[in-house]
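The values are calculated or read from the model by the stated rules, or taken from the named source; none is laboratory data. Model, not experiment: these values are computed from the prediction. Glycine also receives a Cβ, built like all others from the backbone with ideal geometry; neighbour counts cover every protein chain displayed. Surface areas here come from the heavy atoms of the whole protein model, side chains and all, with no ligands, DNA or RNA. Shrake-Rupley method; radii C 1.70, N 1.55, O 1.52, S 1.80 Å.
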Amino acid sequence: MEEEFTFYDDLNKQPERKKEVMKKMAADYGRIISHSPGEGLHWRGTKLDLIEMAHVAFVHGSLRDPMGSPLSFATLVRRGCAVFGLAVPRNPRAYAEKARQRKGIFQCPFFARYAWQLYRNDNCEPMGCYVDCGGAPAVPSKKGKVTLKRRTRCRQTSASGR
């Protein structure tokens, strides 16, 4: 667990890498909310993780409505929760603040876990571990389309190749 905390501290000291992670996370969230609620996608993480991801997408500001205006945080949360069939919390901003304040041995912020998947676990598509479509994780391809990989669990690879 010490490595995770060190990695998160290192990430905060590298603003370029942090921006890369934010950009990728915002793009992944954009692909998530482009789905309709009837597609049967399931979120494997906590609702707090989903709302933290929506907050990162909101702060990044790259998700826009058809008129070109940035999507509001409430809209991002509503659409994300609708896709996965989750109840929208009454105060999503309080959830986002709670998510950012997460520290401890058992649970670190979703942003840190997502970045760890990208850089330390050599998983170029970390959303495959969190989005599930009928038992098969939905994994965005490099072209931005979501494809289904027929497997029951998220593939966890380490830097050592195991």
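Does S158 qualify as being modelled with pLDDT under 75 and closer than 25 Å to Q14 by Cβ? Reasoning before the result, please.
Details: modelled with pLDDT under 75: yes; closer than 25 Å to Q14 by Cβ: yes.
Against the criterion (modelled with pLDDT under 75 and closer than 25 Å to Q14 by Cβ), S158 qualifies.
When residues in the stretch 43-80 are screened for being among the aliphatic types (A, V, I, L, M), outside any helix (DSSP H, G or I) and within 25 Å of D132 (Cβ to Cβ), 2 of them pass. All but one of (1) in contact with a helix residue (DSSP H, G or I) (Cβ under 8 Å, 6 or more places away or on another chain); (2) at pLDDT 90 or above; (3) open to solvent by less than 60 Å² (accessible area, probe 1.4 Å); (4) not in a loop (DSSP other than H, G, I, E, B) hold for K23, so report the exception by its number. Result: K23 fails condition (3) only. In the stretch 42-65, the residues that are among the aromatic types (F, W, Y) form Cβ pairs under 8 Å with partners that are part of a strand (DSSP E or B) and crowded, with 19+ Cβ neighbours inside 10 Å, at six or more places apart or across chains, as follows: W43/V131; W43/D132. Considering each residue of the stretch 102-112 in turn, none proves to be touching a residue at least 40 places away in the same chain (Cβ under 8 Å), open to solvent by 70 Å² or more (accessible area, probe 1.4 Å) and touching an Asp or Glu at 6+ places or on another chain (Cβ under 7 Å).
Tell me, yes or no, whether the stretch 121-138 has at least one residue that is modelled with pLDDT of 65 or more, over 23 Å from H42 (Cβ atoms) and more than 13 Å from the chain's Cα centre (by Cα).
Residues of the stretch 121-138 that are modelled with pLDDT of 65 or more, as a first pass: 121-133.
Now narrow it down to the ones that are over 23 Å from H42 (Cβ atoms): 122.
Subset that is more than 13 Å from the chain's Cα centre (by Cα): 122.
Yes.
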